[in-house]
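Novice: I'd like to ask some things about the structure below.
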Amino acid sequence: MNEVFQAILDSLPPKPPRSKLEPYAELIQELRKRGRSYREIAGILTIRCGVSAGTHTVYNFVRVRAQAQKKAKAARAGAGRSSQTPAAAVPVETATTQAANQDEEVWQRIQALKQRTPQRNEAEKKVFVFDETKPLQLIPDSKEKK
């Protein structure tokens with residue numbers, strides 16, 4: 001990297017955390033593992049740590065970090081797999097082509113289902129007769145009930 005750019009980057013102070021809950025991330029994570037609700041965690045933070053945070057704030061804080069951890073874990077797993085067995089790895093072009101073929105096949109099946117006309121069974125005969133000038137009436141059954 002250019003020395004001037006590196007000097008600029010080195011001179012910048014570290015960015016402060018965006019959330020007031022960031023210093024308590026480990027505590028919140030451990031409380032969740034122990035089965036505490038978000039409401040209970042918000043209460044503990046208020047009483048014990050002096051940090052007032054709403055239930056939804058705690059929930060969103062946990063959810064965002066869980067998604068970030070899941071993405072990081074998937075990235076590590078993907079990198080680990082490709083570096084361990086490069087010969088067995090599927091080329092990107094082949095995987096993309098396979099996915100496109102599967103999508104096309106699904107699309108064709110959906111289109112075929114949309115164009116299929118529904119077939120009525122004889123058991124599904126009309127039960128009502130509609131005439132705008134008269135009230136809705138039942139069709140009399142041809143078989144007499146005994």
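The values are calculated or read from the model by the stated rules, or taken from the named source; none is laboratory data. Quick caveat, the model's predicted, so the values are computed rather than measured. Cβ placement follows ideal geometry from the backbone for every residue including glycine, while neighbour counts extend to all protein chains displayed.
Novice: Can you tell me which residue among ALA7, ALA25 is exposed (fewer than 15 other Cβ atoms within 10 Å of the Cβ) and touching a residue at least 40 places away in the same chain (Cβ under 8 Å)?
Specialist: It is ALA25.
Novice: Name the pairs whose Cβ atoms lie under 6 Å apart, with the first residue in region 45-74 and closer than 13 Å to LYS20 by Cβ and among the hydroxyl-bearing types (Ser, Thr, Tyr), the second in a helix (DSSP H, G or I) and at pLDDT 90 or above, and 6 or more positions between them or separate chains?
Specialist: SER52/THR46
Novice: Here is a further query. Taking region 28-48 as the region of interest, how many residues are surrounded by 10 or more Cβ atoms within 10 Å (Cβ to Cβ) and farther than 14 Å from VAL62 by Cβ?
Specialist: Within region 28-48, residues that are surrounded by 10 or more Cβ atoms within 10 Å (Cβ to Cβ) and farther than 14 Å from VAL62 by Cβ number 3.
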